[in-house]
Amino acid sequence: MTLFAALRLPREILFGAGQRQALPVVARKLGQRALICTDARLAATEVFAEILAGLRAAGIEVRVDDGVQPDLPRESAARSAGAARDFAPDLVIGIGGGSCLDMAKCVSLLLTHGGALQDYYGEFKVPGPVLPIIAVPTTAGTGSEVTPVAVVGDPERTLKIGISSPYLIPAMALCDPELTWSCPRGLTAIAGADALTHAIEAFTAARKAPDASLAQENVFIGKSALTDQFALYAIRLLGRSLERAVTDGTDSEARADVMMGALAAGCAFGTAGTAAAHAVQYPAGALTDTAHGMGVAAMLPYVMSYNRPAAAPAFAEVGAALGLPATGSTDAQADAAIREVARLFAAIGIAPTLAALGLAPDQLEWTAEQAIGIQRLIKNNPRPIDPAGMRRLVQAAYDGDLAAAAL
Ligand SMILES: NC(=O)c1ccc[n+]([C@@H]2O[C@H](COP(=O)([O-])OP(=O)(O)OC[C@H]3O[C@@H](n4cnc5c(N)ncnc54)[C@H](O)[C@@H]3O)[C@@H](O)[C@H]2O)c1
Ligand SMILES: [Fe+2]
């Protein structure tokens with residue numbers, strides 16, 4: 001096997017309790033007129049008022065747009081960019097959950113290159129650099145603070161759609177785990193499960209032929225040497241601390257582990273990409289109106305089971321990173337890893353099946369058809385999936401039958 005790696009990351013990543021206080025100094029280096037994208041919840045908090053006061057005290061002119069809505073409707077980004085034009089920001093700061101960070105990416109894109117978001121759907125459609133973005137996450141999950149993708153809701157499409165371009169990677173990711181302390185139990189679980197799904201799907205992604213065009217023609221390039229390191233680190237941290245952070249939200253060590261796990265998982269999947277669990281979530285989430293993290297995590301054990309024949313050694317490594325003993329055959333260790341992921345997700349309240357997610361039996365066919373159509377994710381799956389295989393996988397995830405998913 002040729003040693004190969006590609007990695008695309010922000011220019012600077014800062015992580016640690018209290019690091020949000022560095023924001024004014026960091027922002028000064030990137031601009032003087034900052035547009036902040038956030039939501040009404042965060043904008044009303046004391047911690048946000050402190051952040052704002054810090055920026056203003058450093059001489060930065062700030063305008064706050066607190067109109068971010070969950071799942072980022074396309075028109076909301078167009079409105080936000082339109083309203084910011086007269087302010088002419090030279091820096092965009094996203095503070096909040098993945099929706100706020102993705103909004104910052106979209107607004108920065110529209111302010112720089114004009115047009116409509118639809119012009120940029122897909123991969124490599126952004127023509128050049130965008131206004132610098134500082135991403136300050138308040139959930140520990142999406143990894144959007146380091147990834148090249150913004151996920152948008154489009155009223156003309158049932159499924160959400162991605163804009164993927166290395167130009168959208170924030171210039172700076174500033175991760176302060178204290179900002180996640182206010183996340184309620186359910187949000188902690190769902191966001192953290194999304195992060196674990198990113199790490200496992202990136203670590204077990206298909207390995208592509210590493211020719212010189214691979215990273216030039218694909219935003220997401222599959223498994224490679226450096227993304228593997230970030231993915232394993234993420235799996236270790238989330239394995240040891242996600243359940244603890246959900247059970248006791250005041251456990252600051254567990255909160256820090258989970259935020260670092262989400263960040264590291266973002267560093268992995270931002271270049272490697274994700275796979276079938278994410279592909280099924282797009283239609284299943286649209287039909288059931290359930291959170292992204294809930295859907296991907298509900299699917300993950302079944303997708304692991306489907307992929308196990310093609311990636312048993314990688315799943316055995318996942319098991320070791322989750323703290324399982326490395327005893328028995330590789331296949332046995334891989335099976336144990338799948339069972340452990342299912343156990344962990346059950347313990348934190350993730351829906352155990354697509355039925356529990358709220359999908360109806362007559363929606364399985366459509367879900368499978370749509371999922372198989374999301375080629376950028378399907379091509380990343382370590383075991384090839386054809387329409388019949390996807391239909392079986394979706395049925396197994398509906399029935400709660402891990403063994404059937406492996407067929
Ligand atoms: N760009 C990427 O790489 C990427 C990856 C995965 C998911 N996503 C997208 O990210 C979005 C999901 O993001 P998310 O899971 O972070 O949630 P979110 O941004 O949708 O926020 C969910 C809710 O949590 C609240 N919230 C956020 N931080 C909080 C805190 N500290 N305390 C209390 N409440 C808080 C928000 O106000 C909101 O009501 C989806 O739109 C998904 O498609 C993007
Ligand atoms: Fe995700």
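The values are calculated or read from the model by the stated rules, or taken from the named source; none is laboratory data. Not measured: the values here are computed from a predicted model. Here the Cβ positions follow ideal geometry from the backbone for every residue, glycine too, while neighbour counts run over all protein chains shown. Calculation scope for accessible area: heavy atoms of the full protein, side chains included, ligands and nucleic acids excluded. Shrake-Rupley method; radii C 1.70, N 1.55, O 1.52, S 1.80 Å.
Tell me the residue from Val47, Val62, Val25 that is surrounded by fewer than 17 Cβ atoms within 10 Å (Cβ to Cβ) and either touching a helix residue (DSSP H, G or I) at 6+ places or on another chain (Cβ under 8 Å) or closer than 19 Å to Gly97 by Cα (or both), please.
None of the other options fit; the residue is Val47.
With (1) touching a Lys or Arg at 6+ places or on another chain (Cβ under 8 Å); (2) among the aliphatic types (A, V, I, L, M); (3) crowded, with 16+ Cβ neighbours inside 10 Å as the list, and Leu344 as the residue in question, which single condition is left unmet?
All conditions are met except number (1).
Exactly one of (1) hydrophobic (A, V, I, L, M, F, W, C); (2) within 16 Å of ligand 1 (Cβ to nearest atom); (3) within 24 Å of Ala371 (Cβ to Cβ) is unmet by Met304. Its number?
(2)
Quick one: in segment 198-225, which of the residues that are more than 18 Å from the chain's Cα centre (by Cα) and in a helix (DSSP H, G or I) is nearest to ligand 1 (Cβ to nearest atom)?
Checked segment 198-225; the qualifying residue nearest to ligand 1 (Cβ to nearest atom) is Ala215.
From the residues in segment 146-159 that are open to solvent by 20 Å² or more (accessible area, probe 1.4 Å) and over 13 Å from the mean Cα position of the chain (by Cα), which one is farthest from ligand 1 (Cβ to nearest atom)?
Glu156
Filtering segment 222-255 down to residues that are among the polar types (S, T, N, Q) and open to solvent by 10 Å² or more (accessible area, probe 1.4 Å), which residue is farthest from Arg376 (Cα to Cα)? Please lay out each step first, then the result.
Pass one, segment 222-255, residues among the polar types (S, T, N, Q): 224, 227, 229, 241, 247, 250, 252.
Now restrict to residues that are open to solvent by 10 Å² or more (accessible area, probe 1.4 Å): 229, 247, 250, 252.
On the way: Gln229: 22, Thr247: 35, Thr250: 39, Ser252: 37 Å.
Residue satisfying both the conditions and the ranking: Thr250.
For segment 128-145, enumerate the residues that are in contact (Cβ under 8 Å) with a residue 40 or more places away in the chain, assigned to a loop (DSSP other than H, G, I, E, B) and more than 10 Å from ligand 1 (Cβ to nearest atom).
Across segment 128-145, the qualifying residues are Leu131, Pro132.
Within segment 307-320, identify whether any single residue is more than 26 Å from Thr158 (Cα to Cα), touching a Pro at 6+ places or on another chain (Cβ under 7 Å) and open to solvent by 40 Å² or more (accessible area, probe 1.4 Å), and answer yes or no.
Here is the first cut: in segment 307-320, the ones more than 26 Å from Thr158 (Cα to Cα) are 307-320.
Filter again for touching a Pro at 6+ places or on another chain (Cβ under 7 Å), leaving 307, 310-311.
Imposing the further condition that a residue be open to solvent by 40 Å² or more (accessible area, probe 1.4 Å) reduces the set to 310.
Yes: segment 307-320 contains one or more residues that are more than 26 Å from Thr158 (Cα to Cα), touching a Pro at 6+ places or on another chain (Cβ under 7 Å) and open to solvent by 40 Å² or more (accessible area, probe 1.4 Å).
Mind checking whether some residue in segment 89-109 is among the small types (Gly, Ala, Ser), away from ligand 1 (no atom under 13 Å from the Cβ), open to solvent by 20 Å² or more (accessible area, probe 1.4 Å) and in a helix (DSSP H, G or I)?
Checked against the condition, which is being among the small types (Gly, Ala, Ser), away from ligand 1 (no atom under 13 Å from the Cβ), open to solvent by 20 Å² or more (accessible area, probe 1.4 Å) and in a helix (DSSP H, G or I), segment 89-109 yields no hits at all.
Filter segment 125-145 down to the residues that are over 18 Å from Phe230 (Cα atoms), within 16 Å of ligand 2 (Cβ to nearest atom) and open to solvent by less than 10 Å² (accessible area, probe 1.4 Å) and list them by number.
Ala135, Pro137
So, in segment 163-184, how many residues would count as being open to solvent by 10 Å² or more (accessible area, probe 1.4 Å) and within 11 Å of ligand 1 (Cβ to nearest atom)?
7
Would you confirm whether or not segment 104-121 contains a residue that is within 19 Å of Arg28 (Cβ to Cβ) and aromatic (Phe, Trp, Tyr)? Explain how you work it out, then say what you get.
Residues of segment 104-121 within 19 Å of Arg28 (Cβ to Cβ): 104, 108.
Right, trim to aromatic (Phe, Trp, Tyr) and you get none.
No.
Answer yes or no as to whether Ala272 is over 22 Å from Ala404 (Cα atoms), aliphatic (A, V, I, L, M), modelled with pLDDT of 95 or more and within 16 Å of ligand 2 (Cβ to nearest atom).
yes
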